[in-house]
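**Q** The structure follows.
The values are calculated or read from the model by the stated rules, or taken from the named source; none is laboratory data. Only a predicted model underlies this, so the values are computations on that prediction, with no experimental measurement involved. Heads up, the Cβs are rebuilt from the backbone with ideal geometry, glycines too, and the neighbour counts pull from every protein chain shown. Ligands, DNA and RNA are excluded from the accessible area calculation, which covers all protein heavy atoms including side chains. Shrake-Rupley method; radii C 1.70, N 1.55, O 1.52, S 1.80 Å.
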Amino acid sequence: MTTKCSPPELRPKKLDILVAAVVLVLAVVVAVGFYGPKLGQSDHLTAVISVGEEVIERVDLATLKEDKLLTVEGECTLNVLLSNSGAEVILSDCPTQDCVHTGHISRAGQSIVCLPGQVVIHLEGASDEGAPDIVVG
Amino acid sequence: MTSMQKWTTKHLTLCAVLTALALALSTLENLFPVTLLIPLPGVKLGLANIVTLFALYYLGTGSAFMILIARCLLGALFAGNASALLFSLLGGVLAMAIMALLRRCRKLSVYGVSIAGAAGHNIGQICAAMITLGNTMVLGYLPFLLLVSLFSGALTGFVVALLFRAMEHVKLSRT
């Protein structure tokens, strides 16, 4: 059997730049659409913790007197540290540990997602606007 | 690949070897988690995509698709994680579909096809995440994943280009 498949073009062509540009534009559009409306809200941070589709806890971070350690039981067990400045997952028994590596989140619109545990910790309300969401690379 | 292809032993073996290679590359990739550098879930080099891309050009869409499905099923089996299957399947199939379409465009090189495929993979995975989590919060990760896919896609394209250059001198009959 001979296949009709021809070998690919091995050198970058001009149209490749277009593909890269489309991907870039898509990234910007999603970023603006997702993060845009969340800027400029009240500077009152609320941590919304949900497991699956269910919101299990809303914690008002601004009125928090002292740091609060919360144990979230999803598919995995997460230890979440909530403070005035934000939230972070300090311990998790999930295999990927992405939630722990995400580190501390402190700005509205940011979230920590633990996929194996199906846990989402999301910050609502805005504080210092204009700062970068995440610095990549 | 439009007509029914004849599955010779050699063809079947080649597909099996490529499946094994893709699985090995995924495992290798897990040993060097890029997530430590860029703390975003789902950020990967996508080394297994090298195999998909190569198979797409060398064996055609049908065989490449079968290798992809076999890789996803076996990968989920090894990881023992059913939700991982949805992630790799949605991401993989979307990447595959995009690459299979763009491959026909002669004005695109392997780099463009690869970048589009990597982006498609990320979009598919975010879709899977939205399905499993039941909310759209994870959509916030997509812009960063897409930025990373520009680099990982170019890297994959580069490796496949190297591969095809090296294979110009290899008379591996296409049966």
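**Q** Here are some residues: B:Arg104, B:Arg71. Which one is more than 11 Å from chain A (Cβ to nearest Cβ) and open to solvent by 10 Å² or more (accessible area, probe 1.4 Å)?
**A** B:Arg71
**Q** Here's another thing I want to ask about it. Of a type in the set (Phe, Trp, Tyr), in a helix (DSSP H, G or I), more than 7 Å from chain A (Cβ to nearest Cβ) and within 29 Å of A:Phe34 (Cβ to Cβ): is that true of B:Tyr111 in this structure?
**A** no
**Q** Only strands (runs of 3 or more DSSP E) wholly contained in region A:27-77 count here; list those with 3 or more residues that are in contact with a strand residue (DSSP E or B) (Cβ under 9 Å, 6 or more places away or on another chain), modelled with pLDDT of 85 or more and away from chain B (no Cβ under 14 Å).
**A** In region A:27-77, A:68-73 are the strands (runs of 3 or more DSSP E) which contain 3 or more residues that are in contact with a strand residue (DSSP E or B) (Cβ under 9 Å, 6 or more places away or on another chain), modelled with pLDDT of 85 or more and away from chain B (no Cβ under 14 Å).
**Q** Would you call B:Gly62 in contact (Cβ under 8 Å) with a residue 24 or more places away in the chain, open to solvent by 10 Å² or more (accessible area, probe 1.4 Å), part of a helix (DSSP H, G or I) and of a type in the set (Gly, Ala, Ser)?
**A** yes
**Q** Would you point out which residue out of B:Met96, B:Met167 is assigned to a helix (DSSP H, G or I), under 19 Å from B:Ala22 (Cα atoms) and within 17 Å of the chain's Cα centre (by Cα)?
**A** Checking each option against the conditions leaves just B:Met96.
**Q** Determine which member of the set A:Cys94, A:Cys5 is part of a loop (DSSP other than H, G, I, E, B), open to solvent by less than 80 Å² (accessible area, probe 1.4 Å) and at pLDDT 80 or above.
**A** Just a single option satisfies the conditions, and that option is A:Cys94.
**Q** Need the failing condition index for B:Leu94 against (1) within 30 Å of A:Tyr35 (Cα to Cα); (2) within 12 Å of another protein chain (Cβ to nearest Cβ); (3) crowded, with 20+ Cβ neighbours inside 10 Å, just the number.
**A** Going through (1) within 30 Å of A:Tyr35 (Cα to Cα); (2) within 12 Å of another protein chain (Cβ to nearest Cβ); (3) crowded, with 20+ Cβ neighbours inside 10 Å one by one, B:Leu94 breaks only (2).
**Q** From B:Phe158, B:Phe144, B:Phe164, which residue is within 30 Å of A:Ser50 (Cβ to Cβ) and either surrounded by fewer than 23 Cβ atoms within 10 Å (Cβ to Cβ) or without any contact (Cβ under 8 Å) to a residue 60 or more places away in the chain (or both)?
**A** Unique residue meeting the criteria: B:Phe144.
**Q** State all residues of region A:101-124 that are modelled with pLDDT of 85 or more, more than 9 Å from chain B (Cβ to nearest Cβ) and open to solvent by 40 Å² or more (accessible area, probe 1.4 Å); if no residue qualifies, say none.
**A** Listed by number, the list holds a single entry, A:His104.
**Q** How many residues are open to solvent by less than 80 Å² (accessible area, probe 1.4 Å), closer than 18 Å to A:Gly117 by Cβ and without any contact (Cβ under 8 Å) to a residue 40 or more places away in the chain when one looks only at region A:60-80?
**A** Residues that pass the stated criteria total 2.
**Q** Only one of these is touching a helix residue (DSSP H, G or I) at 6+ places or on another chain (Cβ under 6 Å) and on the phi > 0 side of the Ramachandran plot: B:Gly112, B:Gly46. Name it.
**A** None of the other options fit; the residue is B:Gly46.
**Q** Still on this structure, please answer the following. Looking at region B:43-58, can you tell me whether even one residue there is touching a strand residue (DSSP E or B) at 6+ places or on another chain (Cβ under 9 Å), under 22 Å from B:Ile126 (Cα atoms), surrounded by 20 or more Cβ atoms within 10 Å (Cβ to Cβ) and modelled with pLDDT under 85?
**A** The answer is no; no qualifying residue exists.
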